[in-house]
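The values are calculated or read from the model by the stated rules, or taken from the named source; none is laboratory data. From a predicted model like this one, the values you see are computed outputs, not experimental measurements. When we count neighbours, we look across all protein chains shown, and the Cβ atoms used for this are built from the backbone with ideal geometry, even at glycine. Protein only, heavy atoms only, side chains kept; ligands, DNA and RNA dropped before computing areas. Shrake-Rupley method; radii C 1.70, N 1.55, O 1.52, S 1.80 Å.
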Amino acid sequence: MGSEPLETTIGVLETMISSSVADTGDLPVLVDLYRSLEKEMVALHPMWPLADGLSEPIEEALADAVEDPNALVLLGWVLDYPFGFLLARVEELLPQANGETIGAIRLVFVAEEARQVSVGEAMRDMALQMFRARGITKFDAHVLPGHRLAKNFFEAGGFSARAIVMHHDDER
């Protein structure tokens, strides 16, 4: 009896969390979620919107991603409310990889109030599953240095660091 309520709660929570492929009708929600991500990332590094975010206008960049067959845009849900999004792309490796591609998670965001309930995991796992269905077996995830939560999130999903991008700005 001691562990029964916890198991019941976890089972209920798992049925409340889902992810889905976004479409053009989701653009207003995607823009709002992106702007929340942008605000959080700028606080970590001012270069983020200039080098790591999406091109302005954001709605157009997200619409292009939703329509791109080599991109994947997912929404993460708690019940029927979208609390997060993920944007990933199929990318070419160098020519010596003989045409092999990599699934690169470029952006992932979950609203603070929905963190720690597996919304991010649902999106990450769906993205990997969809890439695997295309025969992709290598995956990257882009994380800012110092973003410990994102680093831990991806490490929990089996990722490990393979590169760090260093930056210098003469104007700072």
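Considering the conditions (1) surrounded by 13 or more Cβ atoms within 10 Å (Cβ to Cβ); (2) more than 23 Å from VAL42 (Cβ to Cβ), LEU86 is excluded by exactly one of them, (2). Taking only segment 115-159 into account, find how many residues are part of a helix (DSSP H, G or I), open to solvent by 30 Å² or more (accessible area, probe 1.4 Å) and basic (Lys, Arg). Summing the residues that are part of a helix (DSSP H, G or I), open to solvent by 30 Å² or more (accessible area, probe 1.4 Å) and basic (Lys, Arg) in segment 115-159 gives 3.
Is it the case, given these coordinates, that ALA104 is at pLDDT 95 or above and open to solvent by less than 30 Å² (accessible area, probe 1.4 Å)?
Details: at pLDDT 95 or above: yes; open to solvent by less than 30 Å² (accessible area, probe 1.4 Å): yes.
It is true that ALA104 is at pLDDT 95 or above and open to solvent by less than 30 Å² (accessible area, probe 1.4 Å).
Look through segment 63-77, keep the residues that are touching a strand residue (DSSP E or B) at 6+ places or on another chain (Cβ under 6 Å) and either of a type in the set (S, T, N, Q) or in contact (Cβ under 8 Å) with a residue 40 or more places away in the chain (or both), and return whichever of them is farthest from ALA141 (Cα to Cα). Full working, then the answer.
Just the residues of segment 63-77 that are touching a strand residue (DSSP E or B) at 6+ places or on another chain (Cβ under 6 Å), to begin with: 65-66, 70-77.
When the remaining residues are screened for being either of a type in the set (S, T, N, Q) or in contact (Cβ under 8 Å) with a residue 40 or more places away in the chain (or both), the result is 66, 70, 72-77.
Working: VAL66: 19, ASN70: 16, LEU72: 13, VAL73: 14, LEU74: 15, LEU75: 17, GLY76: 17, TRP77: 21 Å.
Among those that are touching a strand residue (DSSP E or B) at 6+ places or on another chain (Cβ under 6 Å) and either of a type in the set (S, T, N, Q) or in contact (Cβ under 8 Å) with a residue 40 or more places away in the chain (or both), it is TRP77.
A quick yes/no check of all residues on (1) in contact with a Pro (Cβ under 9 Å, 6 or more places away or on another chain); (2) open to solvent by 70 Å² or more (accessible area, probe 1.4 Å); (3) modelled with pLDDT under 95:
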position: VAL29; (1), (2), (3): yes, no, no
position: TYR34; (1), (2), (3): no, no, no
position: GLU38; (1), (2), (3): yes, no, no
position: GLU56; (1), (2), (3): yes, yes, no
position: GLU59; (1), (2), (3): yes, yes, no
position: LEU72; (1), (2), (3): no, no, no
position: GLY76; (1), (2), (3): yes, no, no
